[in-house]
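Structure record follows, encoded as structure tokens.
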């Protein structure tokens, strides 16, 4: 089956395209420059042209802080783009799998959020993503929305790569220690979505609806950073771990409010599909190994070109 992957230039989109063949699927990846998902005509024409059996939307306006001052852009992509894809998918009688976020919640809870819990986004990013969820739900039945959190991987910009860069430059740094969440590897999100696409290809249906999927075991950004440095030093990526000091959210103000609690309950997903979540410590090791391999390959290529 051919799947249309929107947002192929992002962390998850890149992994979806890379991993599709491992799941017996053909992925047609479209970056932001190749497909404007807010353009209904462009979306409809592409679907008519390539005839996908399913759409996976990994496209999003994800700059949380900029969304506060560029809310029109955030809503254009996260709400209107999702709506255009859903309308086109319904017209073509194909399903839409869509990635959403923990930012739809207020972050004031202290137990993991379930799909049935009240949503109350505190900023433009979360509100625009929630509006996208509702647009899809209103437009079609054959949809699956997957909320996730704290995404990182080998591609694109993310917390892990930022910490590795800072760890190589500084002897000490401070990291927020009062925000809790579950780090989630982009490659694992891609694998999960591709497994679901594969099941749809085989059976012609899925248990449609709204689900949560994240890495397992809550932690703070401080905990996450400490583990990044510990593993990076053990793998020879850092000569020495920097000294990491915990700070509060108030000590690190940002234009957009970050949820203090971003822990999602993934039991509905696990019970429905029989796919277990993965411990983020192990997943981090996989990503770091991937970064080492990429750096080694790049170094070998550079040496070869100079020879």
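The values are calculated or read from the model by the stated rules, or taken from the named source; none is laboratory data. Since this is a predicted model, take the numbers as computed values, not measurements. Cβ placement follows ideal geometry from the backbone for every residue including glycine, while neighbour counts extend to all protein chains displayed.
Against the conditions (1) within 21 Å of residue 64 (Cβ to Cβ); (2) surrounded by fewer than 23 Cβ atoms within 10 Å (Cβ to Cβ); (3) in contact with a helix residue (DSSP H, G or I) (Cβ under 6 Å, 6 or more places away or on another chain), where does residue 134 fall short? Just the number, please.
Status for residue 134: all satisfied but (3).
Of the residues 166, 173, which single one is in contact (Cβ under 8 Å) with a residue 60 or more places away in the chain, in contact with a strand residue (DSSP E or B) (Cβ under 8 Å, 6 or more places away or on another chain) and in a helix (DSSP H, G or I)?
166
Residue 200: in a helix (DSSP H, G or I) and closer than 24 Å to residue 58 by Cα, yes or no?
Answer is yes for this residue.
Working carefully through the options 44, 76, 82, find the one that is surrounded by 20 or more Cβ atoms within 10 Å (Cβ to Cβ) and either part of a helix (DSSP H, G or I) or touching a strand residue (DSSP E or B) at 6+ places or on another chain (Cβ under 9 Å) (or both).
So the residue among 44, 76, 82 that is surrounded by 20 or more Cβ atoms within 10 Å (Cβ to Cβ) and either part of a helix (DSSP H, G or I) or touching a strand residue (DSSP E or B) at 6+ places or on another chain (Cβ under 9 Å) (or both) is 82.
Of the conditions (1) touching a residue at least 40 places away in the same chain (Cβ under 8 Å); (2) within 21 Å of the chain's Cα centre (by Cα); (3) outside any loop (DSSP other than H, G, I, E, B); (4) closer than 20 Å to residue 150 by Cα, residue 231 clears all except one; give me its number.
Failed condition: (2).
Just the residues that are out of contact with any strand residue (DSSP E or B) (no Cβ under 6 Å at 6 or more places or on another chain) and either surrounded by fewer than 17 Cβ atoms within 10 Å (Cβ to Cβ) or modelled with pLDDT of 95 or more (or both), please, taken from the stretch 246-258.
Scanning the stretch 246-258 gives 246, 248, 250, 251, 253, 254, 255.
Could you say which residue among 46, 28 is modelled with pLDDT of 95 or more and touching a helix residue (DSSP H, G or I) at 6+ places or on another chain (Cβ under 7 Å)?
28
Can we say residue 224 is surrounded by 15 or more Cβ atoms within 10 Å (Cβ to Cβ), within 18 Å of the chain's Cα centre (by Cα), part of a helix (DSSP H, G or I) and modelled with pLDDT of 95 or more?
Spelling it out, residue 224 is indeed surrounded by 15 or more Cβ atoms within 10 Å (Cβ to Cβ), within 18 Å of the chain's Cα centre (by Cα), part of a helix (DSSP H, G or I) and modelled with pLDDT of 95 or more.
Inside the stretch 234-259, can you point out the residues that are within 17 Å of residue 65 (Cβ to Cβ) and within 25 Å of the chain's Cα centre (by Cα)?
If the condition is that a residue be within 17 Å of residue 65 (Cβ to Cβ) and within 25 Å of the chain's Cα centre (by Cα), then 249, 252, 253, 254, 255, 256, 257, 258, 259 are the ones that fit.
List the pairs whose first member sits in the stretch 199-215 and is without any contact (Cβ under 8 Å) to a residue 12 or more places away in the chain, whose second member is not in a loop (DSSP other than H, G, I, E, B), and whose Cβ atoms are under 7 Å apart, counting only residues at least 6 apart or on separate chains?
Taking only residues 6 or more apart or on different chains, not a single pair turns up.
Could you tell me how many of the residues in the stretch 130-163 are part of a helix (DSSP H, G or I), under 28 Å from residue 90 (Cβ atoms) and out of contact with any strand residue (DSSP E or B) (no Cβ under 6 Å at 6 or more places or on another chain)?
Result for the stretch 130-163: 8.
Please specify each residue of the stretch 85-108 satisfying the condition of being farther than 15 Å from residue 47 by Cα, in contact with a helix residue (DSSP H, G or I) (Cβ under 8 Å, 6 or more places away or on another chain) and assigned to a helix (DSSP H, G or I).
Of everything in the stretch 85-108, those that are farther than 15 Å from residue 47 by Cα, in contact with a helix residue (DSSP H, G or I) (Cβ under 8 Å, 6 or more places away or on another chain) and assigned to a helix (DSSP H, G or I) turn out to be 103, 104.
Out of the stretch 227-245, which residues are surrounded by fewer than 18 Cβ atoms within 10 Å (Cβ to Cβ) and either touching a strand residue (DSSP E or B) at 6+ places or on another chain (Cβ under 6 Å) or more than 24 Å from residue 173 (Cα to Cα) (or both)?
Matches in the stretch 227-245: 243, 245.
Name every residue in the stretch 269-290 that is surrounded by 18 or more Cβ atoms within 10 Å (Cβ to Cβ) and in a helix (DSSP H, G or I), in order of residue number.
269, 280, 283, 284, 287, 288
Consider the stretch 157-200. How many of its residues are closer than 20 Å to residue 231 by Cβ and under 20 Å from the mean Cα position of the chain (by Cα)?
16
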